[in-house]
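For reference, the structure is listed below as structure tokens.
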Amino acid sequence: MTAGDASGFRSEVHEADGSWDATARVVDAEGGEDERVVEAALRPRRLADFPGQPRVRDQLGLVLEAARRRGSPPDHVLLSGPPGLGKTTLAMIVAAELERPIRVTSGPAIQHAGDLAAVLSSLDEGEVLFLDEIHRMSRAAEEMLYLAMEDFRVDVVVGKGPGATAIPLELPPFTVVGATTRAGLLPAPLRDRFGFTGHLDFYATDDLVTILRRSAALLDVEADDPGVAEIAGRSRGTPRIANRLLRRVRDWAQVHGEGVVDRHAAREALALFDVDTAGLDRLDRAVLEALCRRFGGGPVGVSTLAVAVGEESDTVETVAEPYLVREGFMVRTPRGRAASPRAWQHLGLTPPVDAPAQAVLPIDDGGPGRLG
């Protein structure tokens, strides 16, 4: 296989600083690799093949084309949005479009300025540095990154105390692509150093259908339109979830069906894996069941709700709540979480008389913990 094949990247060459060269090896979706590698193999390799996100795609395409015509690295790129929408894929595409190597690391892996200095000093001219979860970098590393992004140099401190000396180290021009699920946690000086910022939104069902058709072809899975549409409608507007559900329906079709991903196979497989018609999984329904059956629709604090479903508060708040709020099953109020009329209807329950009033209390957009 060559870099031009419709496949994804796999990390093979690991550096001493914890980063890795994502261009080291390309893998085939049929190679028997684990799910992470198969998921990477389904990533589009070029911007023209990237479905959905038309605004971000067109803006990023303009930035990259202008950089190619100038013969210089493009401005630094910041990609934000919920998990699973394609931030890593776009970072890989940036490198592929520029025909430059890409170095991959993450914010949690860079907890000291020395960690970042080791990564930066090993970059070649024009190389793309992808920093996933960039908002989780340490403050010292962030301050070093400011200087590196703006002036392409880092100051290496030798010694300690009054005798410490800062030695400037010149860096070749490079491009940082940062990805974050919580753009609000990035300090303003760091955000301002990105020349292009793109926010990824959830995908329309038609775009997910396009993604699933392409994935089915790469996986050599026979799938008809009703089956693909059934999976797309339960995928929460997220390509990563859509591809995962496609593989599970494929498994069911191979074991219990006729090897074809059709509507019957999709419905049976998704029922087996606890994904209902609205895309709610076991945790989502457990939260709604507790909210409606045990607490009369709320309002109730998230910590109490988490105890009721046997999960940690952070799990309920970061995994289940965003989708339930976005789809109108639950609202955040100053007094706690409350069920909406749609939640009662979805569970087939009759709401108490005062439930509609609870569902329209003022929504609280405050930070985590306020409603605990």
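The values are calculated or read from the model by the stated rules, or taken from the named source; none is laboratory data. Bear in mind the structure is a predicted one, so any value in this text is a computation, not a measurement. Because the Cβ atoms are built from the backbone with ideal geometry, glycine has one as well, and the counts that use them run over all protein chains shown.
Taking the condition of being more than 12 Å from residue 126 (Cβ to Cβ) and within 18 Å of the chain's Cα centre (by Cα), how many residues in the range 61-105 meet it? Selection size over the range 61-105: 19. Looking across the range 206-232 at every residue that is closer than 12 Å to residue 247 by Cα and of a type in the set (Val, Ile, Thr), the one that is surrounded by the most Cβ atoms within 10 Å (Cβ to Cβ) is identified as 231.
With the requirement that a residue be among the hydroxyl-bearing types (Ser, Thr, Tyr) and within 11 Å of residue 287 (Cα to Cα), what does the range 305-314 give you?
Within the range 305-314, none qualify.
Checking the structure you have, find out if any residue of the range 350-361 is within 28 Å of residue 185 (Cα to Cα), among the β-branched types (Val, Ile, Thr) and at pLDDT below 85. No, every residue in the range 350-361 fails to be within 28 Å of residue 185 (Cα to Cα), among the β-branched types (Val, Ile, Thr) and at pLDDT below 85.
Table: residues versus (1) within 19 Å of the chain's Cα centre (by Cα); (2) closer than 18 Å to residue 86 by Cα; (3) modelled with pLDDT of 90 or more.
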| residue | (1), (2), (3) |
| --- | --- |
| 219 | no, no, no |
| 228 | no, no, yes |
| 236 | yes, yes, no |
| 250 | no, no, yes |
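For first residues located in the range 289-300 and under 14 Å from residue 335 (Cα atoms) and outside the structural domain of residue 331 (by TED's automatic domain parsing), partners that are crowded, with 23+ Cβ neighbours inside 10 Å and at pLDDT 85 or above and lie 6+ apart or on another chain with Cβ distances below 6 Å do not occur. Filtered by the rule that a residue be assigned to a strand (DSSP E or B) and either of a type in the set (S, T, N, Q) or at pLDDT 90 or above (or both), the range 180-198 gives 180, 197. Residues in the range 267-308 that are surrounded by fewer than 20 Cβ atoms within 10 Å (Cβ to Cβ), in a helix (DSSP H, G or I) and not charged (D, E, K, R): 8 in all. Across the range 141-171, the number of residues qualifying as surrounded by 13 or more Cβ atoms within 10 Å (Cβ to Cβ) and at pLDDT 80 or above comes to 11.
Looking across the range 118-140 at every residue that is in a strand (DSSP E or B) and crowded, with 23+ Cβ neighbours inside 10 Å, the one that is farthest from the chain's Cα centre (by Cα) is identified as 128.
Looking at the range 222-247, which of its residues are small (Gly, Ala, Ser) and either farther than 23 Å from residue 88 by Cα or outside any helix (DSSP H, G or I) (or both)? Once the filter is applied, which keeps residues that are small (Gly, Ala, Ser) and either farther than 23 Å from residue 88 by Cα or outside any helix (DSSP H, G or I) (or both), the range 222-247 yields 223, 227, 229, 233, 235, 237.
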